[in-house]
There are 2 protein chains.
Amino acid sequence: MERTPPHPEMDRFDLQRVLEALVDPVRRSIVAQLDAAGEDIACGAFDISVSKSTATHHFKVLREAGLIRQYYVGTSRLNALRRTEMDQAFPGLLDAVIPARAAGR
Amino acid sequence: MERTPPHPEMDRFDLQRVLEALVDPVRRSIVAQLDAAGEDIACGAFDISVSKSTATHHFKVLREAGLIRQYYVGTSRLNALRRTEMDQAFPGLLDAVIPARAAGR
DNA sequence: GTCGAAATTCGATGACTATCGTACTTGTGC
DNA sequence: GCACAAGTACGATAGTCATCGAATTTCGAC
């Protein structure tokens, strides 16, 4: 079975989809943690207050919107923020939505 | 009875609230039309595809998030985009979210 | 092969919300 | 006064979605 889930190409990014992903506080927190860390993070290593199955759901939404890229390393699934692509598709959006960025970088 | 509805002050703007308002396509269209027009517009003069009662609901959400200011002139209620305040509170957000703005201004 | 860790899948559920029609209020004009 | 126009308020409804637990898959280590 293929273990690499589908990711949208950059030219198929959809603003509506991205906004729906970013409107959830938990998902926005995931994005913010990825941005702050500056490195890829495993699903289980995030500081979030929901169950694992709910977390899986959030990662899927973020991935399908194009905000993150997911790949396996062993049993862990690493998450990478697609910041460059997002910035190109929707300039200023992530900066406006991630608190740490908005607050003077 | 007081006819001026409550508006949040700028220092009480809440990102979560603003995003919830902007995630709806109808509301984003209202904001975009206000931005493009550059002048205040009456509730009934927008190009939207929902009933009047639904429109009222959307205007209320936008107002309570701080995105628009509403005031009466006769039986009409005019809507003004609070762009300056929004730009100050969340720099780059409206630019990123309004298509006309995002597409090279 | 067996065990445990990491994550997904699969319903089920509860809450929220966009939508509408109808009734009502408010103001203008005659 | 009356009629009309512009919006609002009020339920009601249907669809979506965040959440969870339990069962399952996949991989690494022993």
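The values are calculated or read from the model by the stated rules, or taken from the named source; none is laboratory data. None of these values were measured; they are calculated from a predicted model. With ideal geometry, Cβ positions are generated from the backbone for all residues, glycine too; neighbour counts draw on all protein chains shown. Only protein heavy atoms, including side chains, enter the accessible area calculation; ligands, DNA and RNA are left aside. Shrake-Rupley method; radii C 1.70, N 1.55, O 1.52, S 1.80 Å.
General remarks:
- Coupling constants for the stretch A:60-73 follow from the phi torsions by the Karplus curve (6.51 cos²θ - 1.76 cosθ + 1.60, θ = phi - 60°), and in residue order they are 5, 4, 5, 5, 5, 7, x, 6, 10, 10, 10, 8, 8, 9 Hz; glycine and proline get x.
- What separates the A:Glu39 label point from its copies, with the point 7 Å along Cα to Cβ, is 5.8 nm, written shortest first.
- Relative contact order (percent, whole number), the stretch A:26-90, Cα cutoff 8 Å, 6+ residue spacing: 35 percent
- Area buried, chain A against chain B - accessible surface, total, 1.4 angstrom probe, square angstrom: 1100 Å²
- A:Asp14-B:Arg3 pseudo-label distance in nm [points 7 Å out on the Cα-to-Cβ vector]: 4.3 nm
- Placing R0 at 35 angstrom, the Cβ-Cβ distance between A:Ala80 and B:Ser49 gives a FRET efficiency of 0.35 after rounding to 0.05.
- Those aspartates and glutamates that a straight Cα-Cα span of less than 15 Å connects to A:Lys60, excepting residues fewer than 8 apart in one chain: A:Glu20, A:Asp24
- List of the stretch B:62-105 residues, accessible area with partners at least 50 Å² below that of the chain alone (1.4 Å probe): B:Ala96
- Less than 5 angstrom separates the built amide H of B:Ile68 from those of B:Arg63, B:Arg82, all sequence-distant by 5 or more or on a different chain.
- Fully extending the segment from A:Asp35 to A:Ala100, taken as 0.36 nm per residue of separation minus the present Cα-Cα distance, adds 22.5 nm.
- Accessible carbon and sulfur surface of the stretch A:10-94 relative to its total accessible area, %, 1.4 Å: 49 percent
- Within the shell defined by Cβ-Cβ distances under 15 Å, the residues around B:Phe46 carry a net charge of +1, with Lys and Arg each +1 and Asp and Glu each -1.
- Label points for A:Tyr71 are taken 7 Å from Cα along Cα→Cβ. From this copy to the others they lie 5.6 nm apart, shortest first.
- Packing, taken as the mean count of other beta carbons within 10 Å per residue, orders the peptides A:77-88, B:9-20, B:42-53 from highest to lowest as A:77-88, B:9-20, B:42-53.
- For the stretch B:17-105, the solvent-accessible area of protein heavy atoms averages 49 Å² per residue (probe radius 1.4 Å; ligands and nucleic acids excluded).
- Between the C-alpha center of the stretch A:50-67 and that of the stretch B:1-63 there is a gap of 30 Å.
- In order along the stretch B:11-21, the phi-based Karplus estimate (6.51 cos²θ - 1.76 cosθ + 1.60, θ = phi - 60°) of 3J(HN,Hα) comes to 6, 10, 4, 10, 4, 4, 4, 5, 5, 4, 6 Hz; Gly and Pro are listed as x.
- More than 19 Å apart - percent of Cα-Cα pairs taken over chain A: 39 percent
- For B:Pro5, label point 7 Å along C-beta direction: distances to other copies, nm: 3.8
- Residues along the stretch A:5-21 losing 40 Å² or more of accessible surface when the other protein chains are present rather than the chain by itself (probe 1.4 Å): A:Leu15, A:Gln16, A:Leu19
- 3J(HN,Hα) along the stretch A:37-43, derived from phi through the Karplus expression 6.51 cos²θ - 1.76 cosθ + 1.60 where θ = phi - 60°, amounts to 5, x, 9, 6, 10, 6, 3 Hz, with x in place of Gly and Pro.
- Per-residue ellipticity at 222 nm computed for chain B from its helices equals -13500 deg cm²/dmol, with DSSP H segments shorter than 4 residues left out and the rest contributing -39,500 (n - 2.57).
- Amide H contacts for A:Arg77 (H built 1.01 Å from N in the peptide plane; partners 5 or more residues away or on another chain; cut-off under 5 Å): A:Cys43, A:Gly44.
- Axis-nearest residue of A (beta carbon) for the A-onto-B rotation, whole Å: A:Gly92, 2
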